Amino acid sequence: MDRKELEQKLRDLNDPWKCAAFAAKMALLALPVLAIEADKKGFLWFWKKSERQKYLLAILRAEQLGWCATYLESKEIARAVATDHAVAIHALNAVINAPSLTTHASAVGAVAAVAEVATTTIIAAGIATIAPDTSGNVITFDTNENSAAFSACLVAINIDAVYVAYSIAHIIAIFIEFLEKGKKTILLEQPSKIISPKLHTHFIQGLKELGHGFDTYWLNWYQDRLAGKPLNPKTLAKQVLLSPEYEALSPAEINARLLSQWENPEQETLNRVRVIFLGYGEAGKTSLIRALFNEPVIENKEAMTAGIDIREWDVPNAKIKAHFWDFGGQVMAHATHQFFLRSRCLYVSLLNARTDINANQQVEYWLEHVKAFGGDSKVMLVGNKSDLTQVNLDMHRLNEKYPQRLVNFYPLSCTQYQDAGKHQRYFEIFKTELIEQLQAMEIYQTRFTAAEFNILQILRTKSVTSAFLSKTDYTTLCNQEGIQTTADFNQDSLLKLFDALGVIIHFPKITRLNDYVLNPRWLTYGVYTLIYGKTAHLTEQQAHAILTTQKVVDHEGNELTYSCERYWVILEAMKEFELCYELPQKPHNYVIPDLLPSDQPQNLQFDRATAFRFDFDFEGFLPRHLTANFIVRQHHEIVDNLVWQNGVRLKSQSYQAQALAMADYHGRRWSLWVSGKDTVRYFSKLYDDVKIILARMTLTYSEWVWLPNAKNEVDSTGNMSRAGFKGLLALERARGKLYICEYGQYPLSEVLKFMTDEKRAEQQGGVNIEINTGGGDFSMGGDIVGRDKHHNIEQANNSENAQLLRLLQKLLTQLQQVKSTEETEAAKSFAQQAITEVQKEKPNFFQLKVTTKGLIEAAKAVALIYPIVMPIIEQIEALITKK
Ligand SMILES: Nc1nc2c(ncn2[C@@H]2O[C@H](COP(=O)(O)OP(=O)(O)OP(=O)(O)O)[C@@H](O)[C@H]2O)c(=O)[nH]1
Ligand SMILES: [Mg+2]
């Protein structure tokens, strides 16, 4: 039986769990491939030293979760891993970020294969079996090649290393056995032969040298699975799943947590999940929460929610409590959502039949919002006020656009939820499904040791009476409970974890503040109170007056006081969140850009037509915080107080350049105009700042460069003389010289001159990946046991290289005779590069292949007008394909 037959057998099995088991097993066997050439270059040499632990952990976690999901056939783990794209993404990043991608293709190919199979397995286990398809049916495994489980198998089958080392016969033997006995655990609990004793030894050695839990936790995991040691199904999920808050921790800290969970799976949990209610003002968020509490909802009786309300709800038939976060829906408040929206919350998005914003657009706005702040969390869509008008949604399209995100759509009427009839029925369905979602979230709880839990309880009690905790008190508390300062998971780690959970907040940048904020509500209510104060310009005294004259009570009824000594922390925190700035010439005077008038000042003192313009176009929504954060970052350079809610006029203090930045919420476009002698440098600085702000959320946007001499405005027919920045970079990479579009022909160097060469090279970060994927060596080039084969290729290459060199030189001579065009220039440049490479003592085969591929493409275009080069190209192509 060969690979094809094995593939067929797996296909015939038609059983996603068994396929996932097969893939999981292969991923485990392939792990030692990570020790490739470790003896010569050091363990994990292909990653930057500072990132080795992070990436190794990502791959190990992906493999582990895939294994566990498969082992248990656990819906919960499967769901966890399928929705925890972070694990999969980190593992794939591990491959993408191997710096030696082009130079050591075979090694990285091998690593890629390990990561890919590990990743695909977890997705396999998760998606193939439990995820409903767009019409709500559960996807079952069939012969569909797109099935994730099967894809994992295909990757697994193609890991050369495992396949060759194991020999086809051995794989088949295992495979037939588990096929016949019909139990996947036979495959997972069967001791495995080591694929390559040398790699295995180096892998173990590598883990030992890394220490920090790799030498204990992960070494044991690998060896136990290899030995076929059974796992404890009852506690497995608690042992291997981590709550999202752990993302803030280092690999060593995470390993320490995993070890601690492994040793004591019954650790304490907070038993709290969050449900966040989102929607425009008056959508009915507060009313729906009232209904869930069985309280009466009377039309027109609900006041606007100012800021945020939190209520605690006992989830029926579960140990957990849900915290309902009810946000005021006023648009201005949307910018502050960033502090509260975290992944792994459940979101309820309320829509109403408004005339100004179509319901489908509302959904997209909120889904993008959730995606930006809360990752891939689940969203329940409620079409409220259906007693008045029905909300119509195109669920088919929404499901297609946001797969796995939408729980369901519920047309409700909060005012009539108690009246017998359809509104009551629908409400009950909504409530039942909400409870189901919450019960499923129980698994994501952060786990604490008894000592940590004690500290947590003490802090929670203290937070009622005191908004702050001194650093000394925290240390004393930790010492009392025996939390070390030196262990991998130490007092600082616990602090980071508490900070991520919002139990205490730590502002390392506010150096004046010698304490931790113990009551996050104190902070959030304070910020909200100022933001809702409606005054954009505030003195410190005014801020204090606003905070002290209003009685601020949190959801537990505790009154929050903003004393003289501490109220400034609110302003400092707002500065840190980039929500306000202090006027440079007027200390203790603050500006909150979000509260500035929205009207653009009449005279901006800036000639847009002659400036350079750059746009960011947003696919989903233009995040409200971008402009405010940008203004705060640049506030030292604001010209003549020309700043308003949606834009700012700037003059650089370091360069001879001026700028204008403006948001167009309607067009979902954010634009930057720069002019002056130092445009390039000033633009670079501003561009970096925008990118930093945007990097805080996962957003989909495109970048656009306005063409030289364009009017910099949309013309009467809606045309915009601009070019996609990514496309221009790709053209540059392909050695293009000319950018041709409907607006004319532009020398590429002119179009791109707004950015320095080095900076563009930085933006080209993704080049290698694309080249590799195209080169075909990226995903499965795992040629590890075949290193001899590699060597042989090199020897055989010598005479072929000489032949290739002759052909390349011949081609170059021919190309030099042809009239210079974009294609001939590109072809010449590729030919030159290939010649340089092939002349090296040890040509980099992969590089050569990539360059020659480019050459062939370019030269073929030339051949259309200059056929004489065609026979040469064909010979080159034949030679290079053979390699
Ligand atoms: N007819 C009708 N009115 C409703 C329904 N649900 C809520 N309302 C009314 O709509 C208004 C707004 O409801 P709220 O619950 O305050 O809306 P919200 O989304 O919390 O609004 P903000 O706090 O301003 O963001 C109130 O007057 C409610 O009584 C419904 O199903 N039908
Ligand atoms: Mg409300």
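The values are calculated or read from the model by the stated rules, or taken from the named source; none is laboratory data. Remember, it's a predicted structure, so these values are computed and weren't measured experimentally. Neighbour counts are summed over all protein chains in view; Cβ atoms, including those assigned to glycine, are modelled from backbone coordinates with ideal geometry. When the accessible area is computed, the model is the full protein with side chains, heavy atoms only, and any ligands, DNA or RNA have been set aside. Shrake-Rupley method; radii C 1.70, N 1.55, O 1.52, S 1.80 Å.
Points to keep in mind about this one:
- By the rule of a C-alpha distance below 20 Å, with chain neighbours fewer than 8 residues away ignored, the lysines paired with residue 301 are 285, 385.
- Share, in percent, of DSSP beta bridges within segment 271-444 that are antiparallel, nearest 5: 25
- Shape category assigned to segment 596-754 from the gyration tensor of Cα positions, a/c cut at 1.5: prolate
- Residue pairs exceeding 21 angstrom between C-alpha atoms, taken from 810/860; 49/759; 691/753; 737/860: 49/759.
- Taking a straight line from the alpha carbon of residue 319, these lysines sit under 20 Å away, with near neighbours fewer than eight places off in the same chain left out: 75, 234, 238, 431.
- Lysines whose Cα lies under 18 Å from that of residue 651, excluding same-chain neighbours fewer than 8 positions away: 677, 685
- Taking 0.36 nm per residue of sequence separation and removing the Cα-Cα distance, the residue 358/residue 832 pair yields an extension gain of 165.0 nm.
- Annotation for segment 556-625: GluC sites (Glu not before Pro) lying in DSSP loop with at most 16 further Cβ atoms inside 10 Å of their Cβ are 556, 565, 619.
- Segment 663-713 shape via C-alpha gyration tensor axes, a/c threshold 1.5: oblate
- For segment 271-444: rounded, prolate or oblate by the Cα gyration tensor [a/c cutoff 1.5]: rounded
- Binned Cα-Cα distances of segment 199-302, short to long, each 10 Å bin given as a whole percent: 12, 29, 20, 13, 13, 10, 3, 0
- Protein accessible area in segment 489-643, 1.4 Å probe - carbon and sulfur %: 46
- Loop GluC sites (Glu not before Pro), segment 674-741, which have at most 14 other Cβ atoms in a 10 Å radius of their Cβ (DSSP): 713
- Protection proxy ranking of 805-812, 376-383, by the mean of other Cβ atoms within 10 Å over each peptide's residues and highest first, is 376-383, 805-812.
- Amide proton proximity set for residue 639, modelled H, under 5 Å, gap of 5+: 649, 650, 651
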